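First the structure, in the form of structure tokens, and then the observations on it.
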Amino acid sequence: MTAPRRSAAAAFLSVMITLSACGQTPTAVVPTPSPTAGAAPALSLSPTAQASEARTLAVAAARGLTVQGVVTVEDAGVPTTYVDATAGREAVTLIGSVEGSAPVYAELRTVPEGQTGTRGSPFVITPLTAQGTVASGLAAQGVADWVYDRLVSLIKKYKSAPGWLKAVLRGPLKAVIKLIIGEAINRGCTYAYDTLVRKLRADGRWVPLGKALLCDILLG
């Protein structure tokens, strides 16, 4: 895991709302079908990304998760799989990637009422092994930083993606946002934004936010 570089939550949420286009394009995404005829051709996964995705889905199966959707992207040859899932009636996001040539997995869940997230993050982060058990010996801050790095990478790709690809990437992003703000996501963009700000203030993590990207993800 990389050493802490900044407040993970502030970095993630600041980028989520205000990031300018960075010009990055996903080299691979799944699912790949275009939503309309004549859209851009499907992108194929490299063997490395296919293997990473298969490992992540195996972790989801070992955890007993019900998979709702899967998106895999590659950034500079590093594959990351985002699994939107449920555990019973609870929403879960599972992330699987590679760090220092070794597979890494983390499970994100909603912070229980009255509790705090992992290292101040707006959700509970559980590092996992390839067998789906809780990984021991990993620094909580390092795990949180790695998770936010992966989410920021996904948001950057969303920002610069064509419309049909945004439709694919919107699923995991919306799932993660819902973990942070819960049912507020169903009450409209302004209410969701206000809820997000309240959560930041409650954790002492105020950052200047705008609503444009949040609204695009929630309402697009």
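The values are calculated or read from the model by the stated rules, or taken from the named source; none is laboratory data. Quantities reported herein were computed from a predicted structural model and do not represent experimental measurements. Reconstructed Cβ throughout: ideal geometry from the backbone, glycine too, with neighbour counts over all protein chains shown. When the accessible area is computed, the model is the full protein with side chains, heavy atoms only, and any ligands, DNA or RNA have been set aside. Shrake-Rupley method; radii C 1.70, N 1.55, O 1.52, S 1.80 Å.
Can you work out the Karplus-derived ³J(HN,Hα) for every residue in region 193-199? Use 6.51 cos²θ - 1.76 cosθ + 1.60 with θ = phi - 60°, whole Hz, and x for glycine or proline.
4, 4, 5, 4, 5, 4, 5
Using label points projected 7 Å from each Cα along Cα→Cβ, tell me how many nm separate Ser44 and Ser101, to one decimal.
The modelled label-to-label distance comes out at 2.7 nm.
Please report the orientation-averaged projected area of region 53-195, defined via the convex hull of its C-alpha atoms, in nm².
Working: hull surface 36.4 nm².
With every direction weighted equally, the projected area is 9.1 nm².
Kindly identify region 71-114 as rounded, prolate or oblate by the Cα gyration tensor criterion: order the square roots of the eigenvalues as a ≥ b ≥ c, call it rounded if a/c is under 1.5, otherwise compare a/b with b/c, prolate if a/b is larger, else oblate.
Working: a/c = 3.17, a/b = 2.17, b/c = 1.46.
Note, shape of region 71-114 comes out prolate.
Order the following by accessible area, largest value first: Ser121, Ser46. Probe radius 1.4 Å; ligands, DNA and RNA are ignored. Show your work: numbers first, answer last.
Working: Ser121 5, Ser46 35 Å².
Correct descending sequence by accessible area is Ser46, Ser121.
Rank these by accessible area, largest first, 1.4 Å probe: Glu90, Glu183. Intermediate results must be reported in sequence, preceding the final value.
Numbers: Glu90 70, Glu183 115 Å².
Highest to lowest solvent-accessible surface, that is Glu183, Glu90.
How big is the C-alpha Rg of region 126-185 next to the rule-of-thumb value 2.2 N^0.38 Å, as a ratio? Please list the in-between numbers first.
Numbers: Rg = 14.3 Å, N = 60, 2.2 N^0.38 = 10.4 Å.
Rounded to two decimals, the normalised Rg is 1.37.
In region 133-194, which chymotrypsin sites (Phe, Trp or Tyr not before Pro) fall in coil by DSSP and have 16 or fewer other Cβ atoms within 10 Å? Each step should come with its number before you reach the end.
Values: sites: Trp146, Tyr148, Tyr158, Trp164, Tyr191, Tyr193; in loops: none.
Sparse-neighbourhood loop chymotrypsin sites (Phe, Trp or Tyr not before Pro): none present.
Rounded to whole Å, give me the distance from the Cα center of region 90-105 to that of region 172-197.
Between the Cα centre of region 90-105 and that of region 172-197, the gap is 23 Å.
Do any trypsin sites (Lys or Arg not before Pro) in region 61-168 lie in a DSSP loop with no more than 15 other beta carbon atoms within 10 Å, and if so, which? Walk me through the numbers before you get to the answer.
Values: sites: Arg63, Arg89, Arg109, Arg119, Arg150, Lys156, Lys157, Lys159, Lys166; in loops: Arg63, Arg89.
Taking region 61-168 and a limit of 15 other Cβ atoms within 10 Å, the loop trypsin sites (Lys or Arg not before Pro) found are Arg89.
Please give the contour-minus-distance gain from Val67 to Arg198: 0.36 nm per residue of separation, less the Cα-Cα distance, rounded to one decimal in nm.
Values: separation 131, 0.36 × 131 = 47.16 nm, distance 3.03 nm.
Once the chain is fully extended between Val67 and Arg198, it gains 44.1 nm.
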